[in-house]
1. Please identify the pairs in which a residue from region 48-62 that is touching a residue at least 24 places away in the same chain (Cβ under 8 Å) has its Cβ atom under 9 Å from the Cβ atom of a residue that is exposed (fewer than 13 other Cβ atoms within 10 Å of the Cβ) and not in a strand (DSSP E or B), counting only partners at least 6 apart or on another chain.
2. Report yes if residue 14 is within 15 Å of residue 69 (Cα to Cα) and surrounded by 14 or more Cβ atoms within 10 Å (Cβ to Cβ), otherwise no.
3. Determine which single condition residue 67 fails, assuming it passes every other condition in (1) surrounded by fewer than 16 Cβ atoms within 10 Å (Cβ to Cβ); (2) within 19 Å of residue 3 (Cα to Cα); (3) in contact with a strand residue (DSSP E or B) (Cβ under 9 Å, 6 or more places away or on another chain); (4) not charged (D, E, K, R).
4. Which of the residues that make up region 4-55 are in a helix (DSSP H, G or I), out of contact with any Leu (no Cβ under 6 Å at 6 or more places or on another chain), under 18 Å from residue 73 (Cβ atoms) and among the hydrophobic types (A, V, I, L, M, F, W, C)?
5. I'd like the full set of residues that are under 16 Å from residue 10 (Cα atoms) and out of contact with any Leu (no Cβ under 7 Å at 6 or more places or on another chain), limited to region 62-78.
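Just so you know, all these numbers are worked out from the coordinates, no wet-lab data involved. The structure presented is a predicted model; accordingly, all values stated were derived computationally and were not measured. Because the Cβ atoms are built from the backbone with ideal geometry, glycine has one as well, and the counts that use them run over all protein chains shown.
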Amino acid sequence: MPLPATEVADILNDELRKKGGDIITIPWSTFYEIAERQRMKPPFQDEVKNEAQAKYQLLVGYGLHVVVVCHDRNFRPS
């Protein structure tokens, strides 16, 4: 059963905390496993992005090969 966007956002937050850093990259295959989905349309991706931002102040970006999750703060000031 596919997970709702709220639960996927919770898992992404937990993964980021476990790694102990400010940013993680997740291969698409792993992201599909996390979401328990075989297909994923843009509206669901937007839902995950919006939930992660609202609940945890996380930025979620979708690339061709990975999904990037990071804190919405200046974690590497120049």
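1. 56/72; 58/72
2. Working: within 15 Å of residue 69 (Cα to Cα): yes; surrounded by 14 or more Cβ atoms within 10 Å (Cβ to Cβ): no.
Against the criterion (within 15 Å of residue 69 (Cα to Cα) and surrounded by 14 or more Cβ atoms within 10 Å (Cβ to Cβ)), residue 14 does not qualify.
3. Every listed condition holds for residue 67 apart from (1).
4. The answer is 9, 12, 16, 54.
5. Going through region 62-78, the residues under 16 Å from residue 10 (Cα atoms) turn out to be 67-72.
Residues satisfying the conditions are 67, 68.
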